[in-house]
Amino acid sequence: MQDLKSQLQELIPEQQDRLKKLKSEHGKVQLGNITVDMVIGGMRGMTGLLWETSLLDPEEGIRFRGLGTVARGSIVPSKEQVEALSKDLANRAAVPDYVYNAIDALPSTAHPMTQFASGVMALQV
């Protein structure tokens with residue numbers, strides 16, 4: 001059985017080409033009128049997402065073929081692939097002490113986004 005990462009590596013270039021073609025052929029087509037209220041309201045009622053057999057519900061989030069999903073094109077992973085991905089993400093979840101040290105070195109008055117950005121950048125080491 002092919003792992004999810006390999007499946008995505010095959011699918012992504014096809015989808016990129018498909019979107020480039022769509023943009024070049026239809027990029028100037030207007031889809032509707034958007035108000036400031038709609039933008040502030042989290043894009044409710046707006047056409048703002050291209051999807052394939054999915055629904056972007058304003059309350060429940062993205063559903064793909066009836067399943068909750070992450071953005072992954074037309075792949076519905078098997079139970080084994082989901083378990084492997086979950087295990088991989090759990091293995092990556094540990095935050096090294098030096099990241100906490102970098103955040104703790106900031107002034108206590110630092111904006112939360114500054115703290116967040118500093119923590120993310122520390123993970124780049």
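A few notes on this one:
- Meets criteria (at pLDDT below 85 and under 29 Å from Val120 (Cα atoms)) for Ile40: yes
- In the range 14-36, the count of residues that are part of a helix (DSSP H, G or I), among the hydroxyl-bearing types (Ser, Thr, Tyr) and closer than 30 Å to Val82 by Cα is zero.
- The conditions of being over 24 Å from the mean Cα position of the chain (by Cα), among the hydrophobic types (A, V, I, L, M, F, W, C) and either outside any helix (DSSP H, G or I) or at pLDDT 85 or above (or both) are met by Met1.
- Considering residues of the range 43-71 that are surrounded by 11 or more Cβ atoms within 10 Å (Cβ to Cβ), of a type in the set (D, E, K, R) and in a loop (DSSP other than H, G, I, E, B) only, the residue modelled with the highest pLDDT: Arg44
- Screening the candidates Ser74, Ser24, Ser78 for the property of being at pLDDT below 80 and either in contact with a His (Cβ under 8 Å, 6 or more places away or on another chain) or of a type outside the set (Phe, Trp, Tyr) (or both) yields one hit, Ser74.
- The listed residue being closer than 30 Å to Met121 by Cα, surrounded by 10 or more Cβ atoms within 10 Å (Cβ to Cβ), modelled with pLDDT of 85 or more and over 22 Å from the mean Cα position of the chain (by Cα), out of Leu85, Leu106: Leu106
The values are calculated or read from the model by the stated rules, or taken from the named source; none is laboratory data. Just so we're clear, the structure is a prediction, and the values are computed from it rather than from any experiment. Methodologically, a virtual Cβ is constructed for each residue, glycine included, from the backbone with ideal geometry; neighbour enumeration extends over all protein chains shown.
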